[in-house]
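Structure, as structure tokens:
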Amino acid sequence: MKWLVPLSAFQTLLLVMLGLHAIKLDMRTDQLVDSVDTLNRDIQQASPDTAPIQWAAASSSDGGLTADDIRMIMREEYQAIAGEEGAATPVRSAATSSSSPQQPAPVYDQRQTVLTQSAIDQEMERLRSMNVVPPADMMSLQAKIAELPPEARRAALIRLTKAINSGEIKGQF
Amino acid sequence: MKLKSKILAAGVAVALMSTAAIAGYKQPAPVDVDLVNRTALGDMVSAQQAKDEVTYIGCGIRKIQTGAGVASTGFCQARDADEEQFTCFTQDPELLAATATTGDFSFITFAWNEDGECTYIGVSTQSFYLTEKMVK
């Protein structure tokens, strides 16, 4: 019984010490969190300036970049970007169309187109008058049609197909 | 001698019958052109072996070099025993590719729009389109 009082006093003392230690640890944790936040802010503020600092260092060691140097660098960058786009384009064009958008659109002479259309009309009239159209004549007509611009070619093929299907032209494609 | 010939003929006949019996599944598709629904179908073998002189079916492609590049035109055409016939054409790259897949023993089906442009081209090459006559 006589040990109980000193023992409880010792326990209380230990508890008080433990509490103080816990408070101390808590304060240190807060300090650490604050310092991490500060460091993050410093890094964020410092990073936008990093490239110019490096660039300035490089330029000062080379004696400075001229306007021509900068133009050349920009040109190289543009070419690199254009190269990447060019590499991706054929995949798209193959999926959508037979003609590549990279290639310039073929130029058709309007006067020549009119002449070709006229020749096709005359040829179709001639074939209409034949009992049986030989394959060579059909091939010749198709070669003329192929010379037309896409829309005119489509129109001519529609006319030819209708003539074949109606029996006006007795030939095969 | 006569008896021997008969036995030989019977033997050959039995041999041919047995060959036909193990020749596999057959599903000939005679050519049919439906002008109302704008469709045609049939297999090349049935068309070629039709008991008339009018039936045909097939697809083709023309690639012609011009001053503005290569112009490609594909076409499919068919005529059935009733002499109903149709030819459609296409300049569509995907359908052009389909015309190029036809084989000697293919089943072909195609459809078209009011302008006579092909809107559908189907090609299938299967053993069951080969006739007994070809397998023997």
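Pulled fully out, how much extra length does the chain show between B:ASN37 and B:THR119, if you take 0.36 nm times their separation in residues and subtract their Cα-Cα distance? Numbers along the way, then the final one.
On the way: separation 82, 0.36 × 82 = 29.52 nm, distance 1.24 nm.
Difference between extended and current length: 28.3 nm.
What distance in nm separates the simple spin-label points at A:SER118 and A:THR38, each placed 7 Å from Cα in the Cβ direction?
Using points 7 Å along Cα→Cβ, the separation is 9.2 nm.
Take B:ALA97 and B:GLN65, extend 7 Å from each Cα along the Cα→Cβ direction, and tell me the distance between the two endpoints in nm.
Once both label points are built, they end up 2.5 nm from each other.
In Å², what does the accessible area per residue of region B:44-136 work out to with a 1.4 Å probe? Provide the component values of the computation, followed by the final result.
Numbers: 4590 Å² over 93 residues.
Per residue, region B:44-136 has 49 Å² of solvent-accessible surface.
Give me the net charge for the shell around A:ARG128: Cβ to Cβ below 15 angstrom, other residues only, Lys and Arg +1, Asp and Glu -1. Display every interim value, and only then the final one.
On the way: positive: A:ARG126, A:ARG159, A:LYS162, A:LYS170; negative: A:ASP121, A:GLU123, A:GLU125, A:ASP137, A:GLU168.
After counting each charged neighbour, the total is -1.
Using a simple spin-label model with points 7 Å from Cα along the Cα→Cβ vector, what separation in nm is obtained for A:LYS2 and A:LYS24?
About 3.5 nm separates the two model spin labels.
Which FRET efficiency value, to the nearest 0.05, is calculated for B:GLN27 and A:ASP109 with the Förster distance at 41 angstrom and r the Cβ-Cβ distance?
Details: r = 53 Å, r/R0 = 1.29.
For B:GLN27 and A:ASP109, the calculated efficiency is 0.20.
Return the sequence-ordered ³J(HN,Hα) values of region A:16-30 in whole Hz as given by the Karplus equation 6.51 cos²θ - 1.76 cosθ + 1.60 applied to θ = phi - 60°, using x for Gly and Pro.
Each residue's phi maps through the Karplus curve to give 4, 5, 4, x, 4, 4, 4, 4, 4, 4, 4, 5, 5, 4, 4 Hz.
Amide H neighbours of B:GLY58 under 5 Å, counting only residues 5+ apart in sequence or on other chains, H built in-plane at 1.01 Å?
For B:GLY58, the qualifying residues are B:GLN77.
At 0.36 nm per residue, minus the direct Cα-Cα distance, what do A:ARG126 and A:LYS162 gain on full extension? Give it in nm, one decimal, please. Provide the component values of the computation, followed by the final result.
On the way: separation 36, 0.36 × 36 = 12.96 nm, distance 1.58 nm.
Stretched out fully, the A:ARG126 to A:LYS162 stretch lengthens by 11.4 nm.
Where does the charge balance sit around A:GLN31 when Lys and Arg score +1, Asp and Glu -1, over other residues with C-beta under 15 Å from its C-beta? Could you put the intermediate results ahead of the total?
On the way: positive: A:LYS24, A:ARG28; negative: A:ASP26, A:ASP30, A:ASP34, A:ASP37.
Around A:GLN31, the charge tally is -2.
On average, how many beta carbons from a partner chain sit within 10 Å of the beta carbon of a residue in B:73-85? Write out the running numbers ahead of the final one.
Numbers: counts 8, 1, 6, 1, 5, 0, 1, 0, 0, 0, 0, 0, 4.
Mean shielding by partner chains, rounded to a whole number: 2.
Once the whole set of protein chains is in place, how much accessible area is left on A:ASP30, using a 1.4 Å probe, in Å² to the nearest 10?
In the full protein context, A:ASP30 sits at about 90 Å².
The values are calculated or read from the model by the stated rules, or taken from the named source; none is laboratory data. All values derive from a computational prediction rather than experimental measurement. Quick reminder, even Gly has a Cβ in these numbers, built from the backbone with ideal geometry, and neighbours come from all protein chains shown. The accessibility values were calculated without ligands, DNA or RNA, using every heavy atom of the protein model including side chains. Shrake-Rupley method; radii C 1.70, N 1.55, O 1.52, S 1.80 Å.
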